[in-house]
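Take a look at the structure below.
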Amino acid sequence: MQKFILLILILILINGCLKQPSRIVNYNFDKCDINHDKICDSKDLERFNEAFGKCLLDKGYDTFSDYDGNGCVDEKDRKLLFTK
Ligand SMILES: [Ca+2]
Ligand SMILES: [Ca+2]
């Protein structure tokens, strides 16, 4: 019986580990601070605009500009990044 309980606990632990988000999110920066220099300014906007319209396999795609992580930098990301 104890082995069964131990097996269940291991399975719960493994399942919990597998559910961890694969995307690394850094919470130490403001969401509009795309280049992580601790300032939200025109450089962030330039970086976003350069990546705008690009998707995961496109040259110029920027994962930090893809705020919702859907693989494309689009209008949804603009709303998420630059509205309070
Ligand atoms: Ca910045
Ligand atoms: Ca996106």
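Being among the charged types (D, E, K, R) and near ligand 2 (Cβ under 9 Å from one of its atoms) is the filter here; which residues of region 44-74 pass it?
Residues satisfying the conditions are 66, 68, 74.
Please identify the pairs in which a residue from region 52-72 that is closer than 15 Å to residue 33 by Cβ has its Cβ atom under 9 Å from the Cβ atom of a residue that is more than 10 Å from ligand 2 (Cβ to nearest atom) and assigned to a strand (DSSP E or B), counting only partners at least 6 apart or on another chain.
Between residues of region 52-72 that are closer than 15 Å to residue 33 by Cβ and residues that are more than 10 Å from ligand 2 (Cβ to nearest atom) and assigned to a strand (DSSP E or B), there is no close pair.
Check off (1) within 16 Å of ligand 1 (Cβ to nearest atom); (2) part of a helix (DSSP H, G or I); (3) modelled with pLDDT under 95 for residue 16 and give me the number that stays unchecked.
It fails just one condition, (1).
Of everything in region 42-51 that's in contact (Cβ under 8 Å) with a residue 12 or more places away in the chain and either more than 13 Å from ligand 1 (Cβ to nearest atom) or small (Gly, Ala, Ser) (or both), which residue is farthest from residue 80 (Cα to Cα)?
For region 42-51, the residue satisfying everything is 50.
Please count how many residues of region 67-82 are in a loop (DSSP other than H, G, I, E, B) and either within 16 Å of ligand 1 (Cβ to nearest atom) or of a type in the set (A, V, I, L, M) (or both).
Going through region 67-82, the residues in a loop (DSSP other than H, G, I, E, B) turn out to be 67-71, 73-74.
Going one step further and asking which of them are either within 16 Å of ligand 1 (Cβ to nearest atom) or of a type in the set (A, V, I, L, M) (or both), we end up with 67, 73.
Looking only at that region, the number is 2.
Conditions tested, residue by residue: (1) assigned to a loop (DSSP other than H, G, I, E, B); (2) more than 12 Å from ligand 1 (Cβ to nearest atom); (3) at pLDDT below 95; (4) among the basic types (Lys, Arg).
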position	(1), (2), (3), (4)
31	yes, no, yes, yes
40	yes, no, yes, no
60	yes, yes, no, no
64	yes, no, yes, no
84	yes, yes, yes, yes
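The values are calculated or read from the model by the stated rules, or taken from the named source; none is laboratory data. What you see is a predicted model; the values in this text were computed from it and never measured. Here the Cβ is made from the backbone with ideal geometry for all residues, glycine too, and neighbour counts use every protein chain on show.
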